[in-house]
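A.B. asks: One structure is given below, represented as structure tokens, and several questions about it will come after.
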Amino acid sequence: MDLAEVARRLELQDLYTGYAACLDSDALERWPEFFIDDCVYRITSAENYEAGLPLGLIYATSKNMLRDRVSALRQANIYEPQRYRHLVGGVQIEKEERDALDTTANFLVVRTMQDGAMTLFAAGRYIDRVVRTEAGWKFARKIVVLDSRRIDTLLAIPL
Amino acid sequence: MDLAEVARRLELQDLYTGYAACLDSDALERWPEFFIDDCVYRITSAENYEAGLPLGLIYATSKNMLRDRVSALRQANIYEPQRYRHLVGGVQIEKEERDALDTTANFLVVRTMQDGAMTLFAAGRYIDRVVRTEAGWKFARKIVVLDSRRIDTLLAIPL
Amino acid sequence: MDLAEVARRLELQDLYTGYAACLDSDALERWPEFFIDDCVYRITSAENYEAGLPLGLIYATSKNMLRDRVSALRQANIYEPQRYRHLVGGVQIEKEERDALDTTANFLVVRTMQDGAMTLFAAGRYIDRVVRTEAGWKFARKIVVLDSRRIDTLLAIPL
């Protein structure tokens, strides 16, 4: 492992860390900036993913669609009393090409309600493709594969 | 810290990440491959561990015993509806010898049932010994020390 | 990213990992040693933090105050049956000066009671300042910002 590879791995860690911090701090307007323009973003269940079913709970095919989603969320939720906390671990490079990588990671999201009650909100796996751009690493594709197929509250925020 | 030490630390991260990914993806047939032939694998409670009690919930002294265990699990559980998600953090090198290291790490496992209910399944500490082999780092010893002493469902899967 | 920067990042990881391991192993007497003499340590809620309110649940302005706190905890709790497990992720350097860094990280603490029941005890964000000393990196300031404002059991241990 040479220094360039070490640096790349730490940069990928930074990408995932920054992504989680953006969501946790409710800075949703910055969220689309983690993606390239013609990205794919999808939230689906492990059950559907393994069955090869397309689409999912959320399916977006451009950064503009992500921006629209944030606008819709902001209009729907004047005030968001709950807080989310992401723990992301186990970032792995599954496959690499020149300046493009297939990566995976585990995530766990804990939600804290206004009254203080904490619940496990979501757990699962990111199945991603990242590319190196002039502005650093960005997601070209992010598939959020949820362990749970319960979806009732999952439309609230990006994951 | 020189580049060799940096690389070693990232390799250890990879070992733990790969181990967790193997279990989470239910690829149990690959699980024994994370160990050397004459390994020790043990699951015990913190209470028993601190009292110096030997054995535990699971106690295996070779890779073959791990393989047998996977076979038994596969025969017992035709269909496993639940999913597990490991978060592993805080990998530490506690002691080092030439190509053998005592390492520890924290883990948390979240279980998602088929109906979508998520629970904290297990939390605790790995107390391990890893050795460098021609096929990369492997576990020579892995002691899974559970914070909880409740054991009813813990026999389901390796941790 | 050069080797010095890589090494610094891994050293910071070690600081957070060691800190969590100290608390999880109930080695509270070592806990103040993660701080410099004239440190600030504070536990507060996200709500209060964002409102700019000073103080919080715990507010200490020296390492000696942290030592006093440990003594008080030891006298109050002859026997602590519960166990805590920290998962710390997403360590970020927010700002850097010569040998002093503003860092943040996410944390999740799971508590296991003596009967085996596991609960989400705390989640939130560390907002810290670390400095390089002759004995390695230490916390000059640590603000523990809890997602929850429920405080009833939080006085039990440092976070």
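A.B. asks: Hand me the chymotrypsin sites (Phe, Trp or Tyr not before Pro) from region A:1-95 located in a DSSP loop with no more than 15 other Cβ atoms within 10 Å, in residue order please.
C.D. replies: A:Tyr79
A.B. asks: Would you list which lysines come within 27 Å of B:Lys142, measuring only between C-alpha atoms, while excluding same-chain residues fewer than 8 positions from it?
C.D. replies: Hits, sequence-local ones excluded: B:Lys63, B:Lys95.
A.B. asks: Still on this structure, I have one more. So for the protein assembly as shown, what are the equivalent ellipsoid semi-axes in whole Å, largest first, each being the square root of 5 times an eigenvalue of the Cα gyration tensor?
C.D. replies: So the equivalent ellipsoid measures 30, 30, 24 Å along its semi-axes.
A.B. asks: Let me ask something additional. Just to be sure I understand the model, the point goes 7 Å from the Cα along the line to the Cβ. What's the resulting C:Thr133 to B:Asp68 distance in nm?
C.D. replies: Each label point lies 7 Å from its Cα, and together they span 5.3 nm.
A.B. asks: Could you work out the mean count of beta carbons from other protein chains within 10 Å of each residue's beta carbon in B:7-13?
C.D. replies: Averaged over the peptide's residues, the number is 4.
A.B. asks: With the alpha-carbon atoms as the only input, what is the per residue convex hull volume for region B:63-108 in Å³?
C.D. replies: With only Cα atoms used, region B:63-108 gives 100 Å³ per residue.
A.B. asks: Right, next: Where the label is 7 Å out from Cα toward Cβ, how close does C:Glu97 come to the same position in every other copy, in nm, shortest first?
C.D. replies: Computed spacing set for this position: 4.7, 4.7 nm.
A.B. asks: Over its Cα atoms, what ratio of radius of gyration to 2.2 N^0.38 Å does region A:1-60 give?
C.D. replies: So the Cα radius of gyration is 1.45 times the expected 2.2 N^0.38 Å.
A.B. asks: May I pose another question? When only Cα pairs under 8 Å and 6 or more residues apart are kept, what is the percent relative contact order across chain B?
C.D. replies: Relative contact order for chain B comes out at 24 percent.
A.B. asks: Computed over the Cα atoms, what is the radius of gyration of region B:1-154 divided by 2.2 N^0.38 Å, N being its residue count?
C.D. replies: 1.06
A.B. asks: For peptide A:59-66, how many partner chain Cβ atoms fall within 10 Å of a residue's Cβ, on average?
C.D. replies: What the average comes to for A:59-66 is 0.
A.B. asks: For A:Val109, B:Val6, which order do you get if you count the other beta carbons within 10 Å of each Cβ and list the fewest first?
C.D. replies: With the sparsest Cβ surroundings first, the list reads B:Val6, A:Val109.
A.B. asks: Where does each of C:Ser62, B:Ser45 land when they are ranked from fewest to most other beta-carbon atoms within 10 angstrom?
C.D. replies: By the 10 Å Cβ count, ascending, the order reads C:Ser62, B:Ser45.
A.B. asks: While we're here: Among the trypsin sites (Lys or Arg not before Pro) within region B:28-108, which fall in a DSSP loop and have no more than 12 other Cβ atoms within 10 Å of their own Cβ?
C.D. replies: Sparse-neighbourhood loop trypsin sites (Lys or Arg not before Pro): B:Arg98.
A.B. asks: Rounded to the nearest 10 degrees, what's the angle between the helix B:63-76 long axis and the longest principal axis of chain B, both from Cα atoms, 0 to 90?
C.D. replies: Between helix and principal axis, roughly 20 degrees.
Values in this text are rule-based calculations from the coordinates and carry no lab data. These numbers come from a predicted model, not from an experiment. Methodologically, a virtual Cβ is constructed for each residue, glycine included, from the backbone with ideal geometry; neighbour enumeration extends over all protein chains shown.
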